[in-house]
Amino acid sequence: MLKEFSICYTLEADVKWEKITEQSDTNAKDILEQVLQRVANSTTYTVKSNEAYETIHTSSIRYVRIFENNTYEIAN
């Protein structure tokens, strides 16, 4: 079974949302660790939002929040 997560990226002047699907044993903290590791290792980051791919500069990311859809488990 799969779980769906929503990722909210708060940027300097914008907010981007991304939805991803992971295995059922994955939790919001695991997703947050993966996102932060990818952001730390690159200068740009591509997210899929509203069926389109957008590239954001990692230096403009101010806050990342993970929502596990339908359960409201939040990783801080």
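Bear in mind that the values in this text are calculations on the coordinates, not laboratory data. Worth saying up front: this structure is predicted, and the values here are computed from it rather than measured. A quick note on method: Cβ atoms are made from the backbone with ideal geometry, for glycine too, and the neighbour counts reach across all protein chains shown.
For residue 2, neighbours were defined as the other residues whose beta-carbon sits under 15 Å from its Cβ, and their charges (Lys and Arg +1, Asp and Glu -1) total -3.
Computed over the chain, the Cα gyration tensor eigenvalues convert (square root of 5λ each) into semi-axes of 20, 13, 12 Å, ordered from largest to smallest. Loop-located chymotrypsin sites (Phe, Trp or Tyr not before Pro) in the chain (DSSP state other than H, G, I, E, B) with a sparse environment of at most 10 neighbouring Cβ atoms within 10 Å: 72. Simple spin-label estimate for residue 42 and residue 6 gives 2.4 nm between the two label positions (7 Å along the Cα-to-Cβ direction from each Cα).
Distance between the pseudo-spin-label points of residue 21 and residue 69 (7 Å out from Cα toward the beta carbon): 0.9 nm.
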